[in-house]
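As structure tokens, the structure follows; a few thoughts come after it.
Since every read-out is calculated from the coordinates, none of them should be taken as a lab result. What you see is a predicted model; the values in this text were computed from it and never measured. Quick reminder, even Gly has a Cβ in these numbers, built from the backbone with ideal geometry, and neighbours come from all protein chains shown.
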Amino acid sequence: MTRHWLHGATLLLFTIPPVAWAWWDNGHMLTAEIARQQLTKSQVAVINGLLEEWSDDFPGLCDLVTAAVWPDQLKCANHGAVCPRAVMENIHIFDPWHFDEKPYNPQNLTLPHCADQWLPNPSASFTLTSAITSMGTSNSRFAFNFMLRWVIHLVGDIHQPLHSADGYFDDARLGHLPQGDRGGNLIPVISDCGANNLHFYWDSAACQYLVNWSPHYQDHREALTQNASDLITKYPPSSFGTRYDPEHLKACWTQLQNKSKPSGVFDICTGHGLLLENLC
């Protein structure tokens, strides 16, 4: 594997249009499909070759697009529409990796102890930083496989607003939530698709994207591919100005690669260091 261009391929995931269209399976695979269409065939072939090494244990979840669903499948405890796999891993140790709990506190409530220490506890941003560092320093194909799956998934997650904030409220409209709303999970809603809280409603893109992964997902692949192509045409990277400028991100990428022995938890791309002794 050529590490240099695989880093660039992963970096591309950070430059895709942040269109808010579902973060259930459909949305995660759409995010990955947009990235896939902007890579070369040889790059996709190398990535798929790596992911396919886990195909015996995770059939149907081992290419650049379907691997985007893998971290959610690890959480499955019971069979259902979103968990159709025969084997239920029921692994929850990675649950905090899926979101950032940055406080949203419009009423200036007194926050719970350490609520401002969301970044290193861990979080999605922490995991992405760690994944990029791992892929910049490791020669392990297992590490690349594991971390690449998380990068593909988390780039989708952090573009869902309720995966990136925890709201604190105390009012008649949103309720008494001085301990946080768990990313909107504690705010009830009524919807046509069964999404019964605000977080789920966002995840379903207001009930617009409801096709979840299954072992037979290939039946829906053509529609997904066309949808991604349409979005790339409508929202090319240039339409976002400098916000997703690959040249700007390369400086961050270079710093992460060069920091092979971090002294503590860090967010090197914004210059904020978080020492381990300060963790809650």
Next on the checklist: Taking 0.36 nm per residue of sequence separation and subtracting the Cα-Cα distance, how much length would be gained by fully extending the chain between HIS220 and HIS79, in nm to one decimal?
Outcome noted: 48.7 nm
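For ILE91 and LYS41, FRET efficiency with R0 = 35 Å and r from the beta-carbon atoms, rounded to 0.05?
With R0 = 35 Å, the Cβ-Cβ based efficiency is 0.55.
Looking at this model, which pairs from LYS75/LYS102; LYS41/LYS75; LYS102/LYS234; LYS41/LYS250 are more than 27 angstrom apart at the alpha-carbon?
Working: LYS75/LYS102 23 Å; LYS41/LYS75 32 Å; LYS102/LYS234 31 Å; LYS41/LYS250 22 Å.
Beyond 27 Å between Cα atoms: LYS41/LYS75; LYS102/LYS234.
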Checklist entry - Counting Lys +1, Arg +1, Asp -1, Glu -1, what net charge surrounds TYR168 among other residues with beta carbon under 13 Å of its beta carbon? => result -4
